[in-house]
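The values are calculated or read from the model by the stated rules, or taken from the named source; none is laboratory data. Since the structure is predicted, the reported quantities are computational estimates derived from the model, not experimental observations. Cβ placement follows ideal geometry from the backbone for every residue including glycine, while neighbour counts extend to all protein chains displayed. These area figures cover heavy atoms from the full protein model, side chains too; ligands, DNA and RNA do not enter into them. Shrake-Rupley method; radii C 1.70, N 1.55, O 1.52, S 1.80 Å.
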Amino acid sequence: MNRRNFLAASAAAAGAANAAPKLAVKGGSPVRSTPLKADYWGTQFYDDKERQELIDVLETRRPFRWYGHGSQPPMKVLTFEKEFAARMGTKYALAVPSGTAALNVAVNALGLGPGDEVILPAWTWHSCFNAIVLAGALPVFAEIDESFNIDPHDIESKITPHTKALMAVHLQGNPADLDKIIPIARKHNLKLIEDCAQSVGASYKGRPLGSYGDISIYSLQLNKTITSGEGGAVVTNDPMLFERASRFHDLGGIRGPHEQWLGGAKGSWFIGSGFRMNEFTGGVLLAQTRKLDTIVEGVRSSARRVYEGIRDLKNLHMRRLPDPAGELGTGIFLGFDSKERRDRYMAAMKAENVPASPPGGSVILPTQPHIEKKVTVHPAWPSFTSERGRSIQYGAGCCPRTIDVLNRFAGVLLDPKFTKRETDDIIAAIRKVYPQIVG
Ligand SMILES: Cc1ncc(COP(=O)(O)O)c(C=O)c1O
């Protein structure tokens, strides 16, 4: 081989070495032979601890939280409340049957009602909007940003003299930008409700999510960090709000164990609802709460490994993380400059058997037909009979930026029990696919 041929052959070999690997979507071999799938988190950790709690309730025949057989008071729900409050860094916690119930309790504990406005993100779960409407108050949407959480810059323009509260919803494991949100709430004298349903166990600047709000809620339903299938909790540091929450969740009265926790009740009866938790659920949640840190560490360490493995990729556009150390690591979400490119990324990742999906677990509420049409259980519902309630318009027109963000991101969902092999596969698939889509 002469020198010229040798140089040409070397250049070709180097080119081949640098050439992008052939994507599975174009006939190359996939990173994995079977699809990677994250499982539900909490139920993977069920073991003898949950079993023993359930057996205790069966054997003592004390399924009701306030009284039952024998001389000992039932203690599962109350112990869960005490340990959950301690884990979340708050003075009080109230157990309820769901995150939706928790939102109803929180809104009513704050005394929100007809004539009041509450700001919430345009992308969140139905329960947030419904709780506001069911209290007779008026929901007002703000846009989300690339953290998928409420955009602090959009909040102030939504505030009116009637605005009384603000919902910071920490979606898909990622804390909302509390450093910007809290000063806005303070400046305008708004109550802050933190919705931590999708981020149970996450923190912001070293403090658990839920400890910042005037009142905060969690969901403990199947898809959440810890679970009893259905379940929820409300936390607060404010004794008056805890008393009102406890009263609202139990018809308007307050029972001995909560009165003792408060060191005496200050309020009196009002018309409340019925959201008590039973002892079976309380027992399972007690066992799960004691495993919360293990589950969080599991999923966070998977996320850390993946972030580390893709950090050096050129033009990496990640979901914005207001506190990277505090997020759960629910998914590795990457952004694109168009929906078309995002969709090509998803198709290519699927072919590699490392599927990526659009942001999930929430809906773009203003575009839901029943919300756009303000369909309530009664035509004279107070939320929408005031002049402001009649004139407010929902629909796609009130959240174009939210729709745009959600169209441009996709993420691989993580699992607290993913092995190193599985996180390596995620890294390999992203490293193979992302640069070829982004260019
Ligand atoms: C942000 C948010 N808030 C509230 C809820 C309601 O929780 P639950 O399903 O326990 O009623 C959910 C449920 O997914 C949620 O995602």
Practice task
Sort out for me the Cα centre separation of the stretch 351-407 from the stretch 135-200, rounded to whole Å.
Solution key: 16
Completion exercise
Long-range share for the stretch 375-415, i.e. C-alpha pairs more than 12 Å apart as a percent of all pairs, stands at 72
Practice task
Could you work out the Rg to Rh ratio of the stretch 254-305, with Rh taken as the Kirkwood radius (inverse of the mean 1/r over all Cα pairs)?
Solution key: 1.22
Fill in the blank from the handout: Taking Cα atoms, the helix 178-187 axis meets the longest principal axis of the chain at an angle in degrees (rounded to 10) of 40
Practice task
Per residue, how big is the convex hull around the C-alpha atoms of the stretch 217-360? Give it to me in cubic angstrom, could you?
Solution key: 174
Completion exercise
So, with points 7 Å from each Cα along the Cβ direction, the Arg32-Tyr307 label distance in nm works out to 2.1
Completion exercise
Whole-percent tail of the Cα-Cα distance distribution for the stretch 108-211, cut at 25 Å, equals 12
Exercise for the section: When a/c is below 1.5 the answer is rounded, else prolate if a/b is larger than b/c, else oblate, so apply that to the stretch 137-284 with a ≥ b ≥ c taken from the square roots of the Cα gyration tensor eigenvalues. Expected result: oblate
Practice task
For Leu313, Leu328, write out the residues from largest to smallest accessible area, computed with a 1.4 angstrom probe and no ligands counted.
Solution key: Leu313, Leu328
Fill in the blank from the handout: Rounded to whole angstroms and listed largest first, the alpha-carbon spread of the stretch 110-158 along its three principal axes comes to 32, 22, 14
Problem - Dipole magnitude of the chain, debye to nearest 20 (Cβ charges: Lys/Arg +1, Asp/Glu -1, about Cα centre) - result: 1040
Handout entry: Inverse of mean 1/r across different Cα pairs in the stretch 368-439, Kirkwood, Å
Key = 16.7
Completion exercise
With the dipole of the chain defined by +1 on each Lys or Arg Cβ and -1 on each Asp or Glu Cβ, the option from Pro21, Pro324, Met75 whose Cα lies farthest towards the positive pole is Pro21
Fill in the blank from the handout: Kirkwood calc, the chain, C-alpha pairs only, radius in angstrom 23.4
Practice task
Would you compute, for the Cα atoms of the stretch 25-110, the largest minus smallest coordinate along each principal axis and list the three values in descending order, in whole Å?
Solution key: 69, 39, 22
Problem - Kirkwood Rh in Å, taken over all unlike Cα pairs in the stretch 202-250 - result: 11.9
Fill in the blank from the handout: extent check for the stretch 312-426: Cα max minus min per principal axis, descending, whole Å, gives 58, 31, 27
Problem - Difference of contour (0.36 nm per residue) and Cα-Cα distance, Lys180 to Asp48 - result: 43.2 nm
Exercise for the section: Assuming 1.306 mPa s and 10 °C, estimate D for the stretch 164-221 with Stokes-Einstein, Rh taken as the Kirkwood radius over Cα pairs, in µm²/s. Expected result: 142
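As an exercise, identify the chymotrypsin sites (Phe, Trp or Tyr not before Pro) in the stretch 249-295 lying in DSSP coil whose Cβ has no more than 13 other Cβ atoms within 10 Å.
In loop regions of the stretch 249-295 (DSSP not H, G, I, E or B), the sparsely surrounded chymotrypsin sites (Phe, Trp or Tyr not before Pro) are Trp269, Phe270.
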Fill in the blank from the handout: Simple spin-label estimate for Asn189/His378, 7 Å along Cα→Cβ, in nm, reads 3.1
Fill in the blank from the handout: Here the Cα Rg-to-2.2 N^0.38 Å ratio for the stretch 43-172 is 1.38
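By DSSP, what percent of the beta bridges with both residues in the chain are antiparallel, rounded to the nearest 5? Please report the intermediate quantities before stating the final value.
On the way: 22 of 38 bridges.
Roughly 60 percent of the DSSP beta bridges within the chain come out antiparallel.
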Handout entry: Exceeding the 28 Å Cα-Cα cut-off - candidates Lys26/Lys417; Lys91/Lys417; Lys22/Lys314; Lys37/Lys224; Lys91/Lys180; Lys22/Lys339
Key = Lys26/Lys417; Lys91/Lys417
Practice task
For the stretch 102-189, give the share of DSSP beta bridges that are antiparallel, in percent and rounded to the nearest 5; count only bridges with both residues there.
Solution key: 10
Fill in the blank from the handout: Applying the gyration tensor rule to the Cα atoms of the stretch 126-187 (axes a ≥ b ≥ c; rounded if a/c under 1.5, else prolate if a/b exceeds b/c, else oblate), the class is oblate
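Need the full-extension length gain, Thr385 to Asp343, defined as separation in residues times 0.36 nm minus the C-alpha distance. One decimal, nm.
Roughly 10.9 nm would be gained on extension.
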Handout entry: Between helix 99-109 and the chain: long-axis angle, C-alpha atoms, 0 to 90°, nearest 10
Key = 50
